[in-house]
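The structure appears right after this line, and notes come after that.
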Amino acid sequence: MSDNGRVVRVASGQGFWGDDLEAPVRQVEGGPIDYLMLDYLAEVTMSIMQKQRARDPNAGYARDFVSLMQRIFPACIKQGVRVVTNAGGVNPRGCAEALAEAGRTAGVAGRAKVGLVTGDDLMDRLDSLLGEGHELRHMETGAPLCEVRERVQSANAYIGAAPIVRALEFGADVIVTGRSTDTALTYGPLMHEFGWAVDDVDQIAAGVVAGHINECGAQSTGGNCMIDWWQVPDLAAVGFPIVEVGADGAFVVTKHHGSGGWVTRASVTEQILYEMGDPTTYITPDVIADFTSIQLDDQGDDRVRVHGITGRARTDFLKVSIAYSAGWKATGTLTYSWPDAAAKAKAADRVLRERLDRLGLRFDEMRTELVGWDSTHGALAGEPPADLPEVQLRVGVRADERASVERFTREIAPLVLTGPPSVTGFAGGRPRVQEIMAYWPALIERSVVEPHLVVDVKEV
Amino acid sequence: MARVQLVHVAHTRSGDKGDTANVGVIAYDSEHYDLLCSQLTADRVKAHFGSMVRGDVERFELPNLGALNFLLHGALGGGGTMSLMNDAQGKVFSTALLRIEIEVPDEVARAVQGRGRMPADGAMRRSERTP
C-alpha cells in the first residue's frame, strides 16, 4: 500500500476548441498540479478540422494549443506538470511538429519530450476495412457506411488510454493525440500513476467520471451553472476543475484557491448529466462506467468528494467518428422593430419564401425562427405579443447543391428595401455558404484498430 | 395539491449526441426526487415538447443524484453541423422543459415559491446554497 494517501492532481485547462485561452495558464500558475488535460474535440470539431485540412494539408489541429504551449512550456517543465491533449485533431503529426518548434522557441530544447499518438485515423484503411466486412453502420439509423462512402472525408476511432500510458512510461512531458476519448485525457495519467490494469474496472470507471467532470472545463465549477447563477462569484476569473485522485479511484473535485466560480454538489451534478445517455452504461474504450453508482459529498470550501463508483469490463468495440459531405447550408438574419415586430418578420419570411419559389429554388429543408421569441423554445413560446420591442428573423436553408444555397444568400438583403418596414441589422453582409460535414458514428472491433496505434516520443 | 412550474423544483443541463438532445433534471431538494419520478414520465415529457421532438423520449433514473435523464430523439433538426436551428446542439433545450407544470402537495408549492428564478434584488441577495 505504498500509494496509501497519495493523491494525483489532474487539472482541466480547456473544455473545447475555443475555450478561455487564459485558463490553462491560471491552472499552471495558480497552485500545485501534476497533469494538465486539454480537451479540444467534439463531434462537430472533427468535421471543422477536416475542412481545414482539406484546404491546407498542414492544418487540421488546434493551433491555439501550440501558441498556448509556447507560453507555458517552460513553467510546465520546471514544475513537472505533464500535459495530455487531443489537440492533434485530424493531424496529430502536424500538431506535434508545431509543438516541438514552439518548444524550441520557448527554450526547452533538450529538456522536454513530446509524445505523439497516431493510428486512430482510419481514412486510408477505409476501403480495405469495408472490404473485410466491417460495415460501419450508423449507430442511430443502422445504415451501412457504403451508402455515403464516396462522400466520406474523415474517419477516426475513439481510442483509449493505453497509448497515453505508454507515452508517459517513455517519459513524454507533453502528449498529443488525435481522437482520444475525452475522458482518457484524465484517466490515462491515473492508470499510469497508480498502475491500474484493464481489469481494475471500478478504479478506471472512477477515472472516467473524473474525466467527465474535467472535460468541459468550467462547466463543473460555476460556468454555465443554472442553480443560483446570479450568485456565482467572480466568473471573470473562474477556476477550472482539478480532480485530486487517490489510488482507489475516489477523488475530490476542486479548483485553485482564490479563483472564481464555485464547486458544489449542484455544479458537479449538472456537469455529470451533460451529454448523458443511459447512466448505467457509460461506454468508453477502457471500461463501462455506471453513473448511478456515483456518490457525492459536498465538503464545503469548493471541495466535492466523489466516490463509490463501479464499472464493468470494456466491450470489444471502439466508436468511430466519421465525417461526410452532406450538402450546403446558409442562415440569414434581419432585425424588425416595434410596432408589430413579429408580424413584420413573419410577413418578410412569406415574401422571401415566395421569391425563392418563383426562382424555382428547391431546398431539402428551410427553417424560420424568431430570435427573441421562439428560437429556443419553439411552439412552447406561444404566439408573440404585438408589443414585442424587436425580433430577429432567422432563416436557414439546406440543399445538396451549392448553387441554390448561394442564390438564397442574395435574397436576404433585398428585403430591406423591398419588404415589410422597420428592418435593420444587415451590416454583416451576405450570409456565408457553409459546406455541411455530417457526423456518422459507428462501431468497429478494437482488434482491427489497436495494433495500428503508434506511440512516438521525441526530445524537443 | 397545487400546480407549479418545474423551474421552481429542479434545475437542468442539456447537451447533444447527434440528433438526440439529453435533458438532465436535478431536484433542488433531493426530497422532491420522488415527485419528479411520478410527475415527469417519458410520455408527459414527449407530450410537452410536441412537434419539437420527432422521435421517442427515453427516461433514466439517477436516485443517487436526485436526478432524471431524458433522451429526446430527433430533437435537433438532424443535429450538429446538419441542423438549421439556432440551438443546433441543444444547449438550452432543457430550459424548455422547465416550463412544464407538475402537481405537488400544497406545502411543497409554498416551500418552492420563487426558487429557480433570480430574486428581484438580484445579485445583491445571497440566498441559501443547495448543499
Residue in segment B:96-104 that is over 30 Å from A:V306 (Cβ atoms), open to solvent by 30 Å² or more (accessible area, probe 1.4 Å) and at the interface with chain A (Cβ under 8 Å from one of its Cβ atoms) present: yes
Residue, nearest to the other protein chains (Cβ to nearest Cβ), within segment A:317-339, restricted to residues that are open to solvent by 10 Å² or more (accessible area, probe 1.4 Å) and more than 23 Å from B:T81 (Cα to Cα): A:T335
A:D364 - would you say it is open to solvent by 30 Å² or more (accessible area, probe 1.4 Å), in contact with a strand residue (DSSP E or B) (Cβ under 8 Å, 6 or more places away or on another chain) and not assigned by TED's automatic domain parsing to the domain that holds A:G249? yes
If you scan segment B:7-17, which residues turn out to be outside any strand (DSSP E or B) and either surrounded by fewer than 21 Cβ atoms within 10 Å (Cβ to Cβ) or in contact with a strand residue (DSSP E or B) (Cβ under 6 Å, 6 or more places away or on another chain) (or both)? B:V7, B:H8
Given (1) facing another protein chain (nearest Cβ under 10 Å); (2) open to solvent by 10 Å² or more (accessible area, probe 1.4 Å); (3) touching a residue at least 24 places away in the same chain (Cβ under 8 Å), index of the condition B:N86 fails: (3)
Among the listed residues A:P74, A:P57, A:P32, identify the single one that is modelled with pLDDT of 95 or more, part of a loop (DSSP other than H, G, I, E, B) and open to solvent by 20 Å² or more (accessible area, probe 1.4 Å). A:P32
Filter the strands (runs of 3 or more DSSP E) completely within segment A:287-404 down to those with at least 2 residues that are without any contact (Cβ under 8 Å) to a residue 40 or more places away in the chain. A:295-300, A:365-371
All but one of (1) surrounded by fewer than 19 Cβ atoms within 10 Å (Cβ to Cβ); (2) among the basic types (K, R); (3) closer than 29 Å to B:F93 by Cα; (4) within 31 Å of the chain's Cα centre (by Cα) hold for A:R353, so report the exception by its number. (4)
Filter segment B:28-54 down to the residues that are open to solvent by 20 Å² or more (accessible area, probe 1.4 Å), within 29 Å of A:W440 (Cβ to Cβ) and more than 8 Å from every other protein chain (Cβ to nearest Cβ) and list them by number. B:A42, B:K46, B:R54
Can you name every residue in segment A:426-452 that is over 18 Å from A:T181 (Cβ atoms) and over 23 Å from the mean Cα position of the chain (by Cα)? A:F426, A:A427, A:G428, A:G429, A:R430, A:P431, A:R432, A:V433, A:P451
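The values are calculated or read from the model by the stated rules, or taken from the named source; none is laboratory data. Given the structure is predicted, the values throughout are model-derived calculations rather than measurements. Note that we place each Cβ from the backbone using ideal geometry, even for glycine, and neighbour counts take in every protein chain shown. Ligands, DNA and RNA are excluded from the accessible area calculation, which covers all protein heavy atoms including side chains. Shrake-Rupley method; radii C 1.70, N 1.55, O 1.52, S 1.80 Å.
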